[in-house]
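The values are calculated or read from the model by the stated rules, or taken from the named source; none is laboratory data. Note that the structure is a prediction, hence the values are computed from the model and not measured. Heads up, the Cβs are rebuilt from the backbone with ideal geometry, glycines too, and the neighbour counts pull from every protein chain shown.
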């Protein structure tokens, strides 16, 4: 079992490989109460928790240091990938295409195993919510129909006919 200081040193050393912003980093035994993840060590257990306005929003526990580090860097790289996607946004595709790819790249820089694990987690997400590359086109078309006075129930039917969702129940 590693001490909190040792964990912090490991995290900071790994972080040098991907250069995350300070705002993406966790706290150590010091809740900010703003949703920032916090790391604690107690009774041979690592805790990865977050609170936001006095409400616990995350509570993960493990005795496995590698799993703890994965959780931490999964969240850090997700934050970084979101910012990356905003910089390189392509309005003709689902934003997750860029974001997911970037996150796996960052995780792989830290650990090939983490990159593979992140890709598997993303694949599970996509099974439930496939990429939706026509989202912006659907929205523009729906707005055009609305301006033409097409009633909502007819409008959404027309949008779905022109841009069928990848999976029923996903998107609009």
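If I ask for residues that are modelled with pLDDT of 95 or more and over 20 Å from residue 21 (Cα atoms), which ones from segment 73-113 would you list? 96, 97, 112, 113, listed by residue number. Looking only at residues in segment 146-156 that are surrounded by 15 or more Cβ atoms within 10 Å (Cβ to Cβ) and within 33 Å of the chain's Cα centre (by Cα), the one that is farthest from residue 96 (Cα to Cα) is 155. Say whether the condition of being buried (at least 19 other Cβ atoms within 10 Å of the Cβ) and more than 13 Å from the chain's Cα centre (by Cα) is met by at least one residue in segment 71-92. No, that holds for no residue. The number of residues in segment 13-56 being under 16 Å from the mean Cα position of the chain (by Cα) and either in a loop (DSSP other than H, G, I, E, B) or surrounded by fewer than 12 Cβ atoms within 10 Å (Cβ to Cβ) (or both) comes to 8.
Restricting the search to helices (runs of 4 or more DSSP H) fully inside segment 67-172 and requiring at least 3 residues that are closer than 30 Å to residue 15 by Cα, assigned by TED's automatic domain parsing to the domain that holds residue 39 and without any contact (Cβ under 8 Å) to a residue 12 or more places away in the chain gives 95-110, 112-128.
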